[in-house]
Amino acid sequence: MGLFDFLFGKKKCPQCGASGARTTGDRVRCPNPSCRYFDGTVGRGLGLRPRRSDYSPASALAIRYRNFRGEEKTFTADQDSLRRKCHHIVARVAPTGENISLSRDRIQNLTEVEEALPQPTETAQPGPNARERQVLSYHKKYKSTSPLYEKIRAKYPDW
């Protein structure tokens, strides 16, 4: 039992014995799904955010996926929420509206999904690297100058 559990009403469930149950007055809310006192909001960020089950994407995209067990799954994702992160595709899926990460190796219709990804835009000019930023910020802070600073300022006049 935690130090401040008496303040937040956390204790063991009287029905199933699961820890993390909450009491409000005479009502018991348990995080165990198989308990008769089960409440889905317990254990999800102090119960402030109930699970959304009515999310429907504005522009739907079906993603066929084979999980690690070899089971075929189809996710309905919001096309506007797709983004690439290393070797994964992150998408907000229906019906919960939660973001999930899918391995690119296991997506069956990868070409369709990659076509739906937002294309990276080219920046007008790449910014200074870490060493150049350090020199620029030092001389800007102390209002001083040096030949290296002047060379870098000529390279990045808008910085």
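Candidates in the stretch 116-130 are the residues that are surrounded by 10 or more Cβ atoms within 10 Å (Cβ to Cβ) and modelled with pLDDT of 90 or more; of these, the one that is nearest to residue 62 (Cα to Cα) is 116.
Results for (1) in a strand (DSSP E or B); (2) at pLDDT below 90; (3) of a type outside the set (Asp, Glu), shown as yes or no for each residue.
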{"position": "6", "(1), (2), (3)": "no, yes, yes"}
{"position": "11", "(1), (2), (3)": "yes, yes, yes"}
{"position": "17", "(1), (2), (3)": "no, yes, yes"}
{"position": "23", "(1), (2), (3)": "yes, yes, yes"}
{"position": "33", "(1), (2), (3)": "no, yes, yes"}
{"position": "74", "(1), (2), (3)": "yes, no, yes"}
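Among the listed residues 134, 108, which satisfies the condition of being at pLDDT 95 or above, over 15 Å from the mean Cα position of the chain (by Cα), exposed (fewer than 13 other Cβ atoms within 10 Å of the Cβ) and on the phi < 0 side of the Ramachandran plot? On inspection, the qualifying residue turns out to be 134.
For the stretch 54-81, a residue qualifies if it is closer than 10 Å to residue 92 by Cα and without any contact (Cβ under 8 Å) to a residue 12 or more places away in the chain, but none of them does.
The values are calculated or read from the model by the stated rules, or taken from the named source; none is laboratory data. Since the structure is predicted, the reported quantities are computational estimates derived from the model, not experimental observations. We place every Cβ from the backbone using ideal geometry, glycine too, and count neighbours over all the protein chains shown.
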